[in-house]
Amino acid sequence: MIDWPLVSVIIFLPLIGALIILFIKEDELTSINIKWAALLTTLGTFILSLILWLQFDYSNPSYQYEEKFRWFDDFNFFYHVGVDGISLFMILLSTFLTPLCILASWNNIKKRVKEYMLSFLFLETVMIGMFASIDILLFYIFFEAVLIPMYLIIGIWGGNRRIYASFKFFLYTLLGSVLMLIAIIVMYRNTSSMSIEFLQGNYFSYNTQLFLWLAFFASFAVKIPMWPFHTWLPDAHVEAPTAGSVILAGVLLKMGGYGFIRFSLGMLPEATEFFIPLIMTLSIVAIVYTSLVALAQTDIKKLIAYSSVAHMGIVTIGIFLVNQQGLEGAMMQMISHGLVSAALFLCVGVIYDRMHTREIEFYGGLVQRMPLYATVFMIFMLGSVGLPGTSGFVGEFLVIIGAFKFSSYVVIGAAFGIILSAVYMLYLYKRIIFGTITNNKLADILDINTREKIILIPLAISVILLGIFPNLFLDPMRLSLELIITNYEIANAK
Amino acid sequence: MLNNIYNIFFIPEIFLACSSFVCLLFGLFLKKNAFRQTSNLAVFVLFLTILLVYYDSESNFANYKSLFSHSSFTNFFKILALLGSIASIIISKDYFLGIKLKNFEIPVLFLFSTLGMMLMISSNNLMSMYLAIELQSLSLYVAAAIKRDSISSAESGVKYFILGALSSGILLYGFSLIYGFTGSMNFDDISFYLSKYNNLNLGLIFGLVFVMVGLAFKVSAVPFHMWTPDVYEGAPNSITGFFAIVPKIAAVALIYRFCLVPFENFYLEWSQIILFLSIASMFLGAIAAIAQSNIKRLLAYSSIGHIGYILIALVAANDDGIKAASIYMFSYMIMNVAIFAILLSLKVKNEYLINISDLKGLSKSNPIVSLSISIIMLSMAGIPPFIGFFGKFYVFIAAIEQELYVLSVLGVLASVISAFYYLRIIKIMYFDESISEEIINFKISFQSKIILSLSLFLIICFIFYPSLLINISANLTI
């Protein structure tokens, strides 16, 4: 095993990179140095996080690479980080997507490059830190600190309605998470512990659990987002710059799902049992409703944003089935959605950089001029639809298998959503890519360049890899998920 | 200790009182640079006083006819007030010179009001408490009106004086009722007398309410907050800085001591009043600040909001509450020092900054300054990882310890509302494109720069080693 603080290094390496960038003076010539510094830092972080995966002990369901230091003298708050099967891939997802984001913004961010890179590096630190925290206070601090860089990214580099979108994003998610703060303090008062590991043992009375569950629900349902708390998401996605949307869809939405698994399932099992019908109803409404809304969109980014809500509906169904297939499916769906929707936003970014519009009407017949683009876009589109052989299939399939054990109505709802997702994605693809070029402005549009290939091809490979070898990803997380399910069943059997 | 006549001089309050007179004479006899020299001397004096307070932990000052008491709580808040006034004298020096307000009396007035605050914090008797409050307030009334040729300054001074005098009158009437019904002025005697009864009689309740009204005036809790925005707006910026930073510390310490020492057994009676003050202050502070265009009025409402949170910890009335109050007050002081250090050095078109909209484009011309303002604003909004979050966090720990769930939820909701106007300042600096070519100048003296960087350092780095402050505040006894 590794005897140096690997997890802390991964968490704080981007922050160190940010400090270095802070001292590079920004002007025309040096902005390229800033970009390189950011890229190298994030790549370094990614390589280090691969070590996490390579050295990971598959037979150990609890936390690995643990580091624990006393942080507050008066209360039992620790700087306590570690990685288990659930957080491993969330961390990998964050470290994998951030360098791609930096690359994606290489040319189209022209103003305030320094602040932009600072925001992204800070964002990476807090994202990784959040997934690696074992102490709830630490988790909460990272969870809320995410708002700061994201607010700036949407607000400074966003589109026309960026101010509205950034305020809505910040205040909406803050409102959810402050209630979680109260819940965290109540938990601490009841148990004198803030360790996520320790609290996964059902220590609260039934009534307390109900209130705590609702407080956590307020925070994670906004974050993931579930219908009807999703209205901030389309605004934030549409106004954010490409890389902002990528991180938002790729990682930030997963914070909600991750929170549901860790807190709702792990710590409040009896309340979860009580609220499962609510979650299932909201999820099915979300899947069907947002799929229909997506069908009616005229803006590509908005369409993908609504499809995200629908996909996250499948994730919440999977999580709250609380069986092996459901949870594994939810995890796979989260990873898959992290890659696929990130890639779709990057694809939108490619044509947006060229034409500066996201209206579907504007495009058509791109395959004539951009064959390579059409190919990669197809891979991601099919991944989003859930075609066998792509990552989307594994997650949806597992969730549906798991749902059969629960109720066939849920299966019908989820399956209906999957069919609708094929409808809106294929329809989108048809309108943008197929046909002949009718818009004269598209006559000399160029195919993807080397930089864009470097961004999109790794994503395409991982989407297919995830679809063909799902066990590569399922094996490390299996035992950790089993542990949560076992605890859950023991608590509810009482 | 009192047997030795020389040692009397080393009692911090007496030392400060004598030194203030020395400062006054010093300024009077100086021909040139009187203001600058007196300020430097005042900072030196305050620094020595901090050392005296710190090393004077065994003093028998409390025995001075029981007029004053002495505890770790009072020492902590005294040091906080002294640090606050050192910082505000240093950061305001260049501002005073800039607006050609070079009366050497200003630092002396600050010294006298700081002396009043120290006495307020440790007062243990209704009479000494009243005299201390008056010493503090009178110096501040004069300070608010010090810019004689400015109508707004005079107006704010008069407004402050009339409302302050009214509240003192109410306070005094409350004292007389308490004295009349308990027969004592001493906090400990009142506490002892009251411990024999299960409920307060009507006269005492009236007395308690009147005193609460007066104290609410001093901490500017809603609905007795009306003077705050007007006085903040009218007074010269540097005086506003002093108002925002220091007197609040003393007033908060006083309201804590008054509720928790003489009336500790009548928690139910006073906690209802404080509960209302707290909720009203949080929400009014959050909502009224949204519409402000003047940065000083905005900070006034922001301070009203902060008082609301500190009063939550008072409603909790447990050890965690005292700890929370001291941590919150520390963070409040640091954040206000930092923001005023910046405001007192920012000039837009050769005028000191007043309108929030003038911050437009600051992030282009002064990226470091705008980054600092953003950090301070996020910290005030209570967003982790900055120090403001921990202040609020400890307040809520104290409240939940006492099972005040509804109050805590209201508190976090108010903090979300208040996040809006803090974010608005960041929005103006970063998101709005500046159309006109406004020239923003940031010129800061070396000393203020040290103060500013030190407070920013504390705001950002508190998270890495919180135990330093927390160990001190955990051991405070009232």
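The values are calculated or read from the model by the stated rules, or taken from the named source; none is laboratory data. Quick caveat: nothing in here was measured; it's all calculated off a predicted structure. Quick reminder, even Gly has a Cβ in these numbers, built from the backbone with ideal geometry, and neighbours come from all protein chains shown. Surface areas here come from the heavy atoms of the whole protein model, side chains and all, with no ligands, DNA or RNA. Shrake-Rupley method; radii C 1.70, N 1.55, O 1.52, S 1.80 Å.
Numbers for the structure displayed
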quantity: Average projected area [Cα convex hull, the protein assembly as shown], square nanometres; calculated: 41.6
quantity: Summed residue charge, Cβ within 15 Å of residue B:156's Cβ, Lys/Arg positive, Asp/Glu negative; calculated: +1
quantity: Heavy atoms of residue A:298: accessible area, 1.4 Å probe, square angstrom to 10; calculated: 80
quantity: Computed [θ] at 222 nm, deg cm²/dmol, the protein assembly as shown (DSSP H ≥ 4; -39,500 (n - 2.57); rounded to nearest 500); calculated: -24500 deg cm²/dmol
quantity: Chain B shape via C-alpha gyration tensor axes, a/c threshold 1.5; calculated: oblate
quantity: Kyte-Doolittle at least 0.5, axis length at least 30 Å by Cα - qualifying DSSP helices, chain B; calculated: B:34-55, B:72-98, B:151-182, B:267-290, B:295-316, B:319-343, B:405-426
quantity: Between helix A:408-433 and chain A: long-axis angle, C-alpha atoms, 0 to 90°, nearest 10; calculated: 20
quantity: 0 to 90° range, to nearest 10: angle between helix A:450-468 axis and chain A longest Cα axis; calculated: 50
quantity: Pair-distance profile P(r), taking every C-alpha pair of segment A:321-360, with 5 angstrom steps and integer %; calculated: 7, 21, 17, 13, 12, 10, 8, 7, 5, 1
quantity: Chains B and A together, accessible area buried on both sides, 1.4 angstrom probe, square angstrom; calculated: 3500
quantity: Segment A:426-494: GluC sites (Glu not before Pro) in DSSP coil with no more than 14 other Cβ atoms inside 10 Å; calculated: none
quantity: Segment A:248-307: C-alpha gyration tensor shape, a/c 1.5 cut-off, then a/b vs b/c; calculated: oblate
quantity: Compactness of segment A:6-493 as Cα Rg over 2.2 N^0.38 Å, two decimals; calculated: 0.93
quantity: Surface share of carbon and sulfur [accessible, 1.4 angstrom probe, percent] for chain B; calculated: 65
quantity: Within straight-line cross-link reach of residue B:159, aspartates and glutamates at Cα separation under 13 Å, skipping those fewer than 8 residues along the same chain; calculated: B:230, B:233
quantity: All lysines inside 28 Å of residue A:430 as judged from Cα atoms, apart from same-chain residues fewer than 8 positions distant; calculated: A:301, A:302, A:441, A:453
quantity: B:445, B:434, A:219, ranked by accessible area, largest first (probe 1.4 Å); calculated: B:434, B:445, A:219
quantity: Extreme residue, positive dipole direction of the protein assembly as shown, given options B:284, B:474, A:485 (C-beta unit charges); calculated: B:284
quantity: Between segment A:479-494 and segment B:61-124, the alpha-carbon center distance in angstrom; calculated: 60
quantity: Averaged over B:381-389, number of beta-carbon atoms from partner chains that fall within 10 Å; calculated: 5
quantity: Accessible-area value, residue A:406, 1.4 Å probe, nucleic acids and ligands omitted, Å²; calculated: 90
quantity: Accessible area in square angstrom per residue, chain B, 1.4 angstrom probe; calculated: 37
quantity: Average accessible area per residue (Å²) across chain A - probe 1.4 Å, nucleic acids and ligands excluded; calculated: 33
quantity: Neighbourhood charge, 12 Å Cβ-Cβ cut-off, centred on residue B:401 and excluding it, Lys, Arg +1 and Asp, Glu -1; calculated: -1
quantity: Euclidean distance of C-alpha centroids, segment B:332-376 and segment A:287-311, integer Å; calculated: 42
quantity: Heavy-atom accessible area ranking, 1.4 Å probe, most first, across A:70, A:189, B:257; calculated: A:70, A:189, B:257
quantity: Mean Cβ neighbour count within 10 Å, used as a protection proxy, ranking B:267-278, B:309-320 highest first; calculated: B:309-320, B:267-278
quantity: Crossing angle, helix A:206-223 versus chain A [Cα axis fit, 0-90 degrees, rounded to tens]; calculated: 10
quantity: Flagged links, alpha-carbon separation over 25 Å, of B:296/B:364; B:32/B:296; B:364/B:427; A:111/A:254; calculated: B:32/B:296; A:111/A:254
quantity: Cβ-derived FRET efficiency at R0 60 Å, residue B:347 paired with residue A:494, nearest 0.05; calculated: 0.30
quantity: Part-to-part distance (alpha-carbon centres) for segment A:354-397 and segment B:141-206, which is given in Å; calculated: 73
quantity: Formal net charge of residues neighbouring residue B:16 (Cβ-Cβ distance under 13 Å; K, R +1; D, E -1); calculated: -1
quantity: Carbon and sulfur %, accessible surface of segment A:6-493 computed with the full protein complex present, 1.4 Å; calculated: 67
quantity: Neighbouring partner chain Cβ atoms per residue of A:171-179, average, 10 Å criterion; calculated: 5
quantity: Accessible surface of residue B:134 - all protein chains present, 1.4 Å probe, nearest 10 Å²; calculated: 30
quantity: Global form of segment A:414-464, assessed from the alpha-carbon gyration tensor, a/c cut-off 1.5; calculated: oblate
quantity: Largest to smallest accessible area among A:36, A:53, B:227 [probe 1.4 Å]; calculated: A:36, A:53, B:227
